[in-house]
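Undergrad: Got a structure for you, questions after.
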Amino acid sequence: MKLSNAIRRTSAALAVGAMSLGLVTVTGGAAQAVASCSGDVSIYGTLSDGRLTYTQVAPNTGNRVKTLIGPDLGFTPKTMATLNFNTILVTSTAGDLYRVDVQTNGTSLTLAKVVKIWDGGWTFDKLVYDGAGHLYGTVDGQLHQYLVSQDKPSGSAHIGQHVVIDTGFVLKTLAAAGDDRLVATTSDGRLLSYRINGVNDWDRSVLKSSGWSAVDSLSSPGGGLYYGRTSGGMYWYHDSDPTDGDGSDIAYHPNDPVDASGWSQSLLSAYADNCAYVAPAPAKSVQGGTIHRGEVITRAKDWYSRNVQYSQSAYASDIEGDDTYRTDCSGFVSMAWHLTTSKTTVSLPDVSTQISKADLRPGDALNDSGTHVVLFAGWKDQDAGTFYYYSEGSPSSDMNYSTANVYSGTIDSHPASSYVALRYDKIA
């Protein structure tokens, strides 16, 4: 994901004062963000009088570095998406699409030009750019996608391949969080994560089931950094792994905001290619010890890529080649969890705890005692109950990677109602 800067302003006079100060010192301990950023986070915005704003935020501390106020855009803006550090797409309330070229945002915010590149038809209520070529917009609950082929597009020649991804995207806020990855909030306070795979093909996870209803603007520069405005304050968050569809590892900084008040822009848009997620070095567990979820999935993928053949009597090595496990369904989960021995579907509960199916996270398991077990790999649509899983299926299929529903139908040819969700007791 890439991260943009948000702007602090209580009034025009206070905004000018902020420019003269140049730096706001935020008290409280600074947390280390899990993002590799090319510099400070860049956030563009528009004031109620139509003027453009620019803010820089230090990604590792959440401190606002500077705020600049630029000229009036010359039209009433409705949505905006930042393509790069000096190019912004802005729609008007009349449905036209403009390209705003920034000349400088160093010590002042000045524009090279504002040019209309599309006459009518752009009626989206939200517009975001993922930093990797795709422009997304929502209107009437539909999610639209365009391919942007130039850094400074000049109309349909450079913004094309328009498709409607799907319906059902009724969202309060929307931000691009990386290559075909979106984050959004809903009016009932949920924080959602989307991965767009294609038309009628997308994954959705509920990062947080509540607590985000006050957020009226959401921006992300990538790398797991999120900026949410609530009651005029700008708060920052970081997700230690923005790719796993899991919100339990999102850090909040309520006592260390970017600014506690003053963010009154009508629109805010972060430069989505500002930061990138850098996966940590693979963790190495010991047999029977604590293991991180990422390592569980890595171990599972190894057997899948090797297509280890199913057998209730044969054994195969793990990814390190140090330990061997029985090559049936429960032996596979034992291997993924790096247990000291190959458990059965009856004995796996001895090293795990039953959880709600709604609480499943990557690296957990779905177990039908005495029959079958699969490894939960992530949600496809958490609201609908669909998910991805790995399994050592049967002599006819061997290793599988597939989708199913935790609540209905079958999971690997066994009734979903027969499974219970298990979490390994030593998973981190």
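Undergrad: Taking residue 268 and the conditions (1) surrounded by fewer than 24 Cβ atoms within 10 Å (Cβ to Cβ); (2) modelled with pLDDT of 95 or more, which numbered condition does it fall short on, given that it satisfies the others?
TA: Residue 268 satisfies all of (1) surrounded by fewer than 24 Cβ atoms within 10 Å (Cβ to Cβ); (2) modelled with pLDDT of 95 or more except (1).
Undergrad: Is there any pair with a first residue in segment 177-206 that is under 20 Å from residue 162 (Cα atoms) and hydrophobic (A, V, I, L, M, F, W, C) and a second that is open to solvent by 10 Å² or more (accessible area, probe 1.4 Å) and part of a loop (DSSP other than H, G, I, E, B) whose Cβ atoms are under 8 Å apart and which are 6 or more apart or on different chains, and what are they?
TA: Close Cβ pairs satisfying both conditions: 196/180.
Undergrad: Please determine whether any residue of segment 101-111 is touching a residue at least 40 places away in the same chain (Cβ under 8 Å) and over 18 Å from residue 80 (Cα atoms).
TA: yes
Undergrad: Looking at (1) in contact with a strand residue (DSSP E or B) (Cβ under 7 Å, 6 or more places away or on another chain); (2) assigned to a loop (DSSP other than H, G, I, E, B); (3) over 28 Å from residue 380 (Cβ atoms), find the lone condition where residue 247 falls short.
TA: (3)
Undergrad: Which of the following residues is open to solvent by less than 50 Å² (accessible area, probe 1.4 Å), within 20 Å of residue 59 (Cβ to Cβ) and either aromatic (Phe, Trp, Tyr) or modelled with pLDDT of 95 or more (or both): 252, 237?
TA: Just a single option satisfies the conditions, and that option is 237.
Undergrad: If you don't mind, there's one more thing I want to ask. Check segment 9-20 and report whether any residue there is modelled with pLDDT of 95 or more, closer than 30 Å to residue 251 by Cβ and open to solvent by 30 Å² or more (accessible area, probe 1.4 Å).
TA: Checked against the condition, which is being modelled with pLDDT of 95 or more, closer than 30 Å to residue 251 by Cβ and open to solvent by 30 Å² or more (accessible area, probe 1.4 Å), segment 9-20 yields no hits at all.
Undergrad: Sort through 410, 403, 324, 345 and tell me the only one that's of a type in the set (Ser, Thr, Tyr), touching a His at 6+ places or on another chain (Cβ under 9 Å) and farther than 21 Å from residue 248 by Cβ.
TA: 345
Undergrad: I need a count of the residues in segment 379-388 that are touching an Asp or Glu at 6+ places or on another chain (Cβ under 9 Å) and open to solvent by less than 10 Å² (accessible area, probe 1.4 Å).
TA: Of the residues in segment 379-388, 1 are touching an Asp or Glu at 6+ places or on another chain (Cβ under 9 Å) and open to solvent by less than 10 Å² (accessible area, probe 1.4 Å).
Undergrad: Tally the residues that are open to solvent by less than 60 Å² (accessible area, probe 1.4 Å) and not in a loop (DSSP other than H, G, I, E, B), restricting the search to segment 274-325.
TA: 15
Undergrad: Return the total of residues in segment 342-375 being open to solvent by less than 10 Å² (accessible area, probe 1.4 Å) and touching a Lys or Arg at 6+ places or on another chain (Cβ under 6 Å).
TA: Within segment 342-375, residues that are open to solvent by less than 10 Å² (accessible area, probe 1.4 Å) and touching a Lys or Arg at 6+ places or on another chain (Cβ under 6 Å) number 2.
Undergrad: Shifting gears a bit: Looking at 262, 288 in this structure, which one is among the small types (Gly, Ala, Ser) and under 28 Å from residue 40 (Cβ atoms)?
TA: 262
Undergrad: So residue 392 ticks every box in (1) under 12 Å from residue 360 (Cβ atoms); (2) buried (at least 18 other Cβ atoms within 10 Å of the Cβ) but one. Which box is left unticked?
TA: Every condition holds for residue 392 apart from (1).
Undergrad: From 408, 402, 417, which residue is assigned to a loop (DSSP other than H, G, I, E, B) and open to solvent by 20 Å² or more (accessible area, probe 1.4 Å)?
TA: 408
Residue-wise test of (1) outside any strand (DSSP E or B); (2) surrounded by 14 or more Cβ atoms within 10 Å (Cβ to Cβ).
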position	(1), (2)
75	yes, yes
82	no, yes
90	no, yes
95	yes, yes
108	yes, no
113	no, no
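Undergrad: Could you give me the residue pairs with C-beta distances under 8 Å whose first residue belongs to segment 119-138 and is touching a residue at least 60 places away in the same chain (Cβ under 8 Å) and under 19 Å from residue 220 (Cα atoms), whose second residue is of a type in the set (D, E, K, R) and open to solvent by less than 20 Å² (accessible area, probe 1.4 Å) wherever it lies, and which are 6+ apart or on separate chains?
TA: Filtered contacts from segment 119-138: 136/130.
The values are calculated or read from the model by the stated rules, or taken from the named source; none is laboratory data. Quick caveat: nothing in here was measured; it's all calculated off a predicted structure. Methodologically, a virtual Cβ is constructed for each residue, glycine included, from the backbone with ideal geometry; neighbour enumeration extends over all protein chains shown. Heavy atoms of the whole protein, side chains included, go into the accessibility calculation; ligands, DNA and RNA do not. Shrake-Rupley method; radii C 1.70, N 1.55, O 1.52, S 1.80 Å.
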